[in-house]
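Each remark here refers to the structure printed beneath this line.
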Amino acid sequence: MAMIIDGKQLAADTRVQIAEQVRALKSRGIVPGLAVILVGDDPASHSYVRMKEQDCEEVGIASFDHRRSAGITQDELNALIDSCNEDHAVHGILVQLPLPSHLDEEAALARISAEKDVDGLHPMNLGSLVRGIEAPRACTPWGVMKMLERYSVELEGKRAVVIGRSSIVGKPQALMLLESNATVTVCHSRTVDLPGICREADILIAAVGRPKMIDADYVKPGAVVIDVGINRTAEGMVGDVDFAAVEPLASAITPVPGGVGPMTRAMLLANTVAAASRST
Ligand code: GUN
């Protein structure tokens, strides 16, 4: 029987702390502000953005909502990002991904002022992570690190395996685990003997985007299993991990929903408050 890592509760606790920090900033005349740019009508993106805006309201962060049709040009998107960069009421800017395919995601992310990049995806901030310099950090992998810390999962000297090599999760996750002195392996679609490598992991982090792919064959008894997947299927939202098959083997595991997702959103709030604090 695994311990269930309760991301929902940890995120709620984190929001209480953040609300306190927001009150302190407001007493000094600073209202933290987050601009959210949402292009097109992807239902999942709309749902994420709604939740992010609710979170902001709960903790007292002002949110500025910029919804644009899928037909927006790169120039128009650039101009919108520029106006948010220049707006003193905006401390954090988030461009919801994915963007429609005619838009250049890399150009959009790089155009956000690095100080306002609360997603931690600007090349400068990803570079700072590589260099070990303090800077805004990608919300999902940072949220995972906070969960591991809260549940006292020892990382030093342990084998961590990350499945997935995206810039938004896999790569920054590997760097953060490395920073905590884990021995890190990053696996991906071309990895040979994925189950065998995963079975070496003391900490297994699945960020693949394939529903219930990780079953008992991938898990060493006693491993800590973190499920980053959010897959919408006919049976509802499921993770990358087959929870029913893996939970009896693992020592600790995150559920989906109620695991990594809420922590990602909490880290966005934390990055926004940190950006507002730095702006003074
Ligand atoms: N789309 C899915 N996850 C994310 C995220 O963490 N940040 C942004 N900007 N878009 C996303």
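Throughout, read-outs are computed from the coordinates displayed, never taken from laboratory work. These numbers were taken from a predicted model, which means no experiment stands behind them. We place every Cβ from the backbone using ideal geometry, glycine too, and count neighbours over all the protein chains shown.
Identify, please: which residue in the range 19-40 is over 25 Å from the mean Cα position of the chain (by Cα) and in a loop (DSSP other than H, G, I, E, B) and is, among those, nearest to LEU80 (Cα to Cα)?
So, considering only residues that are over 25 Å from the mean Cα position of the chain (by Cα) and in a loop (DSSP other than H, G, I, E, B), the one nearest to LEU80 (Cα to Cα) is ILE30.
Condition first: under 24 Å from the mean Cα position of the chain (by Cα) and under 16 Å from ILE112 (Cβ atoms). Now tell me which residues in the range 64-77 satisfy that.
Across the range 64-77, the qualifying residues are PHE64, HIS66, ARG68, LEU77.
Going through the range 135-166 one residue at a time, which ones are in contact with a helix residue (DSSP H, G or I) (Cβ under 7 Å, 6 or more places away or on another chain) and of a type outside the set (A, V, I, L, M, F, W, C)?
Within the range 135-166, PRO136, ARG137, THR140, PRO141, GLY143, LYS146, ARG150, GLY164, ARG165 qualify.
How many residues are more than 14 Å from VAL49 (Cα to Cα) and within 11 Å of the ligand (Cβ to nearest atom) if we restrict to the range 264-280?
Qualifying residue count for the region: 2.
Can you confirm whether ASP227 is within 16 Å of the ligand (Cβ to nearest atom), out of contact with any His (no Cβ under 8 Å at 6 or more places or on another chain) and among the acidic types (Asp, Glu)?
Judged against the criteria, ASP227 is a match.
Would you check if MET145 is part of a helix (DSSP H, G or I) and crowded, with 19+ Cβ neighbours inside 10 Å?
Considered against the rule, which asks whether it is part of a helix (DSSP H, G or I) and crowded, with 19+ Cβ neighbours inside 10 Å, MET145 comes out as yes.
Within the range 117-147, track down each residue that is among the aliphatic types (A, V, I, L, M) and within 10 Å of the ligand (Cβ to nearest atom).
The answer is VAL118, LEU121, ALA138.
Return a yes/no flag: does the range 177-194 have any residue that is within 16 Å of the ligand (Cβ to nearest atom) and within 28 Å of LEU97 (Cβ to Cβ).
No: zero hits.
Which count do you get for residues in the range 91-116 that are in contact (Cβ under 8 Å) with a residue 40 or more places away in the chain, farther than 13 Å from VAL39 by Cβ and either part of a loop (DSSP other than H, G, I, E, B) or near the ligand (Cβ under 10 Å from one of its atoms) (or both)?
Going through the range 91-116 one residue at a time, the tally reaches 2.
Scan the range 49-73 residue by residue and report those that are in a loop (DSSP other than H, G, I, E, B), within 17 Å of PRO98 (Cβ to Cβ) and touching a strand residue (DSSP E or B) at 6+ places or on another chain (Cβ under 8 Å).
Correct list: SER69, ALA70, ILE72.
Give ILE253, ILE205, ILE226, ILE214 a once-over and let me know the one that is touching a strand residue (DSSP E or B) at 6+ places or on another chain (Cβ under 9 Å), over 21 Å from LYS8 (Cα atoms), of a type in the set (A, V, I, L, M) and crowded, with 20+ Cβ neighbours inside 10 Å.
Only one candidate qualifies: ILE214.
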